[in-house]
Every structure is written in C-alpha cells, then in structure tokens.
Amino acid sequence: MPPLPPPSSETRIPLPPARALVAGYTDVLVVGAGPAGIGAALGAARSGAKVILAERYGFPGGSATVALVMPFMSGHTQESRLRQSGVEILYPTDHGRGTRVIAGVFTDVIERLVSLGGAVPPSEMTGFVTSFDPEILKFVLADLLDDSDVQTIYHVLATGYIQEEQYTTVFFQSKSGPIAIRAHCVVDCTGDGDIAVFAGASFDYGRNVDHLTQPMTHYLRMGCFERTAFMDYVQKNPSQWYGVLGLWELLQKATKEGTLNIPREDILMFASPHPQEVSVNSTRITGVSGIDIFDLSRAELEGRKQVREVVDFLKRYVPGFNDAYLIQSGVQVGIRETRRIIGDYILSGLDILNTRKFFDVIARSTYPIDIHNPKGKGTRLERLPDGQSYDIPLRCLQPKGCSHLLVAGRCISGTHEAHSSYRVMPVAIATGQGAGVCAALSALNKCATRDVDYKEVQSELQNQKAILW
C-alpha cells in the first residue's frame, strides 16, 4: 500500500490544549542518543554536570543501531600506502601508518566493544576502520551512560522549546502524554537540528544550486557469507573489487537482465566481528527529504524494496552468497543530510581540503569530502593530504541568536561540502563531546554558552583524553 499523499492545502485542525508534566530539572539536557548525543551526555557528565539524555527510540546508538550504519570510520590520518590500497576489510593488505586524531569518548566506546567481542580492533590492517556488532553496541552505550550517572528517558519525541529567564524548557510527546524537561543548557543532537529550529535558529538545507541533499540508504546485514568463495572470485577478478566496494560487471549483468534496478554504481560491503556476516551499504534513495514525514514514508517503502533487490542480487550473482540470508535491515532508513544550523562560523569544503586549524578547536577529523550524488549514480570523493587533519571550531556548535543551546553531530554549522566530511559517526561523537563539555561549563558557571572560555573547554576535553592538536 502506498503511503499517504502530502496535504493538498494549508488547512490546519486546531489541537486541544494540553498541559505538560514537568518530568525533570537538570544542568544539561541532551536530545538524541545517537553518536553525537552519547558524546555530549558523557562529555557533560564527566565535567561534573547533572545530565538527562532524551531519545525517541527505546535504545541508544542512533544511526549506528537504528539505521545500522556500520562500521565506525577511521579516527586516524591516512598515509600514502593506505590511500593507494583503499580500506581493505574483506581483503587485507599492508596499509601504512596513521596518527590518531579522535579519542576521548570514541576510544572508550571502541575499547568496550572490543573487550566484549563486539568489534574488530582497529589497526593498520583495517585502515583503522572499526567493524562492530550493533546489538553489542547497545549494551556498551547503555553501560557507559550508567557509569557516568546519565539519566536516560526513551520513547520521547521533542516537539517544542522555550527559553525562559531561569530555565530552558524542551517539550516532548510520549505515551504518557506531553512532558517537559527543564535545563540550564540544551545540546541538540537530533541530527536534523530540530531543537535549534524550535528555538528560532536559521539553517541551510542541501547544496546551493538546487537544495537537494545527499540520498538516503537502507542498510542491511547478511549472514552465512562464505568468505573463501568470495575471495576466490576477487583473486580471479581483481579489477572487480577495490577494498570494500566493486562488483561492477555483476551489477551491469543483473541490471541488463532486469533483476536489479537501483541508482547505485557499486556494491559496498564491510566485514563484521562475526566471520560469516557482512554489512551492505548499496541502496540509494533519491529525491526525498529527511524532515518531511511523507517523503520519509516513501523512502522507507523504496528502501525496503531496494533491500530485497540487493539481497536477491547477492544470492543469485555473487560467489559466497549462495546460502546467505538477510539478518536485519535498518529500523529506520539511513539519512545522510538534512538541516545544517547556521552558527557563529560556517565550516567550508576549502577549510577541510586545506586542513585548516582554528584557535577554538574542539574536535578534529581526517574523513574526506564524500558526496553521494543527490540525483542518482556517482560519488564524489576528495581526500585530505597525507597525514593531515582539519579542525572543527566551537563556533560551529553555537547557533546564531541562541544563548543556552548548542548543536552537535551532522547538523552543526557548515556547507554542503563540509557536511559530507563531518557527518560520519566518529566525528559526531567528538563534536558531541565538545558540546557537552561547553554545556556543562555553562551550567556550572551559570552563564550563557558564549560566555564560556573556549580555553576552559579545551582544557576539560584534554582531561577527558580528547585530541585537539
């Protein structure tokens, strides 16, 4: 059954008045328990603040667990040998060395995952990319939050924001009716900048030329994968597999025979901590908006349709998948790009490619500009110079016109090109940790976020083992 069409008019039915139950008071309220929210909640709590973390789903992890975005990309710089060989997870080779630039909460997450058998340890062999089990990640994140005394509330959807004289109040809808949580400072980790928009912040959307955003992807996990059979095919057809992507001839064959019709030029697969499992990132859903429920409904239907096509393709055409089966597809379609909140500084693509440094750095990244074509096939990839990284300044986390609100994750202030780099999960954790520390210092000093000395934020981040220079 097709989804409901969008409204045909501007007619609005007035809602009945409702009184919101004040569910809690806190120093810092973090909205969204995805990678950025985890970084923000732990960063604030470890700075000595009382923290409440509010999440719409029933578990933490966001894109990593809800959308099955796997694996965590590298938090290390890339050297020439790594760039020449690609990130080889299914087909390891010598990669050369890299220097770590993202640590702190991100390192804590990885180390816990590895200790529980939930991740392949990042190394030169994996290009410092970390494959993980999303179910074990849920346990790890919940334990880290408990260890830091973060109060979590699940199954709540943010619906409004009010800045009062003494409190910042965020309203949520829940099965228990409307509730409100009051805090000195709020960190928006919704991915879409929902809270910032409720607060009146301005934002950009999509690329400048036509405001189209990067396409969505419905991720999937496959079990009973026969690695030996697949690697035999790769060794016999080396031009058809580059590290973690390829199978171009098989895709062309399936498309010509009418069994596959997805607007993607390759199959992208990553290993798992489990030898007979791979995660697949090969669906592509274009022309939809991640902040429109009617588009999202269509995207979910189209994404699951493409998942079925990809599974059928792998089983019918690709050696190693003859007896494979679909373990899981994302609870929700994976969204790469929606709003980018306009902050005190707008990070640009040139800042990234020129590896620019900033006096108020709170996070670093080495991930390339990585833009999936909003209209169909093709991906633009521009890497940083060997061994280099770029800075993300605190000003990118401060929405213009807001005094007790910070943003973190993929909705921070930047251009479409810059966003394509800082949107990945390790960077989201790092910007979240920076926002959480700043929010905690704001609350503990009873001042606005802009009145917090960036040097104090940097000092506390270093105490929490973040790497800033």
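The values are calculated or read from the model by the stated rules, or taken from the named source; none is laboratory data. Quick caveat: nothing in here was measured; it's all calculated off a predicted structure. Neighbour counts run over all protein chains shown; Cβ positions are idealised from the backbone, glycine included.
Kindly provide the set of residues from segment 337-378 that are among the basic types (Lys, Arg), under 30 Å from residue 453 (Cβ atoms) and out of contact with any Gly (no Cβ under 8 Å at 6 or more places or on another chain), ordered by number.
356, 357, 364
Of all residues in segment 9-33, which are under 15 Å from residue 138 (Cα atoms) and out of contact with any Cys (no Cβ under 6 Å at 6 or more places or on another chain)? Quick ask: steps written out before the conclusion?
As a first pass, look at segment 9-33 and keep what is under 15 Å from residue 138 (Cα atoms): 32-33.
Within segment 9-33, just 33 meets the criteria.
Could you tell me which numbered condition residue 225 fails, if it satisfies all but one of (1) assigned by TED's automatic domain parsing to the domain that holds residue 445; (2) touching a residue at least 40 places away in the same chain (Cβ under 8 Å)?
Result: residue 225 fails condition (1) only.
Is it true that some residue in segment 229-237 is in contact with a His (Cβ under 7 Å, 6 or more places away or on another chain) and touching a residue at least 24 places away in the same chain (Cβ under 8 Å)?
There is no residue in segment 229-237 that is in contact with a His (Cβ under 7 Å, 6 or more places away or on another chain) and touching a residue at least 24 places away in the same chain (Cβ under 8 Å).
Which residues, counting only those in segment 288-302, are in contact (Cβ under 8 Å) with a residue 24 or more places away in the chain and either farther than 13 Å from residue 2 by Cα or basic (Lys, Arg) (or both)?
288, 289, 290, 291, 292, 298, listed by residue number.
So, in segment 307-353, of the ones that are among the hydroxyl-bearing types (Ser, Thr, Tyr) and surrounded by fewer than 17 Cβ atoms within 10 Å (Cβ to Cβ), which residue ends up nearest to residue 220 (Cα to Cα)?
Out of the qualifying residues, it is 325.
Suppose we filter 442, 459, 420, 403 for residues that are of a type in the set (Ser, Thr, Tyr) and outside any helix (DSSP H, G or I); which single one remains? Can you show your working first?
Numbers: 442 fails: outside any helix (DSSP H, G or I); 459 fails: outside any helix (DSSP H, G or I); 420 fails: outside any helix (DSSP H, G or I).
One residue alone meets the criteria, 403.
Considering only residues that are touching an Asp or Glu at 6+ places or on another chain (Cβ under 9 Å) and within 15 Å of residue 148 (Cβ to Cβ), which ones fall in segment 428-455?
Once the filter is applied, which keeps residues that are touching an Asp or Glu at 6+ places or on another chain (Cβ under 9 Å) and within 15 Å of residue 148 (Cβ to Cβ), segment 428-455 yields 437, 439, 440.
Do you know which of the residues in segment 355-383 that are within 20 Å of the chain's Cα centre (by Cα) and part of a loop (DSSP other than H, G, I, E, B) is nearest to residue 104 (Cα to Cα)?
For segment 355-383, the residue satisfying everything is 366.
Do you know which of the residues in segment 170-206 that are within 19 Å of the chain's Cα centre (by Cα) and among the charged types (D, E, K, R) is surrounded by the most Cβ atoms within 10 Å (Cβ to Cβ)?
From segment 170-206, those within 19 Å of the chain's Cα centre (by Cα) are 187-196, 203-206; that's our starting set.
If we keep only those that are among the charged types (D, E, K, R) too, we end up with 188, 192, 194, 204.
Values: 188: 36, 192: 21, 194: 23, 204: 17.
Checked segment 170-206; the qualifying residue surrounded by the most Cβ atoms within 10 Å (Cβ to Cβ) is 188.
Look at residue 140 and say whether it is modelled with pLDDT of 95 or more, farther than 12 Å from residue 31 by Cα, out of contact with any strand residue (DSSP E or B) (no Cβ under 6 Å at 6 or more places or on another chain) and among the aliphatic types (A, V, I, L, M).
It is true that residue 140 is modelled with pLDDT of 95 or more, farther than 12 Å from residue 31 by Cα, out of contact with any strand residue (DSSP E or B) (no Cβ under 6 Å at 6 or more places or on another chain) and among the aliphatic types (A, V, I, L, M).
Farther than 27 Å from residue 463 by Cβ, without any contact (Cβ under 8 Å) to a residue 24 or more places away in the chain and not small (Gly, Ala, Ser): does that describe residue 111?
Details: farther than 27 Å from residue 463 by Cβ: no; without any contact (Cβ under 8 Å) to a residue 24 or more places away in the chain: yes; not small (Gly, Ala, Ser): yes.
Answer is no for this residue.
Specify which of the listed residues (409, 349, 343) is at pLDDT 95 or above and touching a Lys or Arg at 6+ places or on another chain (Cβ under 7 Å). Steps first, please.
Details: 409 fails: touching a Lys or Arg at 6+ places or on another chain (Cβ under 7 Å); 349 fails: touching a Lys or Arg at 6+ places or on another chain (Cβ under 7 Å).
Matching residue, one of 409, 349, 343: 343.
Taking the stated definitions as given, is residue 106 at pLDDT 95 or above, of a type in the set (Phe, Trp, Tyr) and touching a Pro at 6+ places or on another chain (Cβ under 8 Å)?
yes
Look through 389, 442 and report the one residue that is touching a residue at least 40 places away in the same chain (Cβ under 8 Å) and touching a His at 6+ places or on another chain (Cβ under 8 Å).
Just one listed residue meets the conditions, 442.
For residue 11, only one of the following conditions fails: (1) among the hydroxyl-bearing types (Ser, Thr, Tyr); (2) modelled with pLDDT of 75 or more; (3) not in a strand (DSSP E or B). What is its number?
Going through the list (1) among the hydroxyl-bearing types (Ser, Thr, Tyr); (2) modelled with pLDDT of 75 or more; (3) not in a strand (DSSP E or B), residue 11 breaks only (2).
Taking segment 97-136 as the search range and keeping residues that are of a type in the set (Ser, Thr, Tyr) and closer than 12 Å to residue 272 by Cα, which one is surrounded by the fewest Cβ atoms within 10 Å (Cβ to Cβ)?
Only one residue tops the list, namely 126.
Between a residue in segment 411-428 that is within 19 Å of residue 373 (Cβ to Cβ) and any residue that is hydroxyl-bearing (Ser, Thr, Tyr), which pairs come within a Cβ distance under 6 Å, given they are 6 or more apart or on different chains?
Pairs that qualify, where the first residue is within 19 Å of residue 373 (Cβ to Cβ) and the partner is hydroxyl-bearing (Ser, Thr, Tyr), are 415/348; 418/348; 421/367; 424/367.
When both residues are 6+ apart or on different chains and their Cβ atoms are under 9 Å apart, which pairs have a first residue that lies in segment 311-322 and is small (Gly, Ala, Ser), and a second that is part of a helix (DSSP H, G or I)?
320/227; 320/228; 320/229; 320/230; 320/231; 320/232; 320/233; 320/314
Mind telling me which of the residues 271, 254 ends up being farther than 30 Å from residue 212 by Cβ and not assigned by TED's automatic domain parsing to the domain that holds residue 377?
Going through 271, 254 in turn, the sole match is 271.
Given 255, 259, 286, which one is among the hydroxyl-bearing types (Ser, Thr, Tyr) and touching a Gly at 6+ places or on another chain (Cβ under 9 Å)? Before the answer, list the steps.
Details: 255 fails: touching a Gly at 6+ places or on another chain (Cβ under 9 Å); 259 fails: touching a Gly at 6+ places or on another chain (Cβ under 9 Å).
That would be 286, the only listed residue that is among the hydroxyl-bearing types (Ser, Thr, Tyr) and touching a Gly at 6+ places or on another chain (Cβ under 9 Å).
Quick check on my filter: what residues within segment 21-65 are among the hydrophobic types (A, V, I, L, M, F, W, C) and either part of a strand (DSSP E or B) or not assigned by TED's automatic domain parsing to the domain that holds residue 186 (or both)?
Within segment 21-65, 21, 22, 23, 28, 29, 30, 31, 51, 52, 53, 54 qualify.
Only residues that are more than 27 Å from residue 119 (Cα to Cα) and among the acidic types (Asp, Glu): list them for segment 221-275, please.
Listed by number, the residues that qualify are 249, 257, 265.
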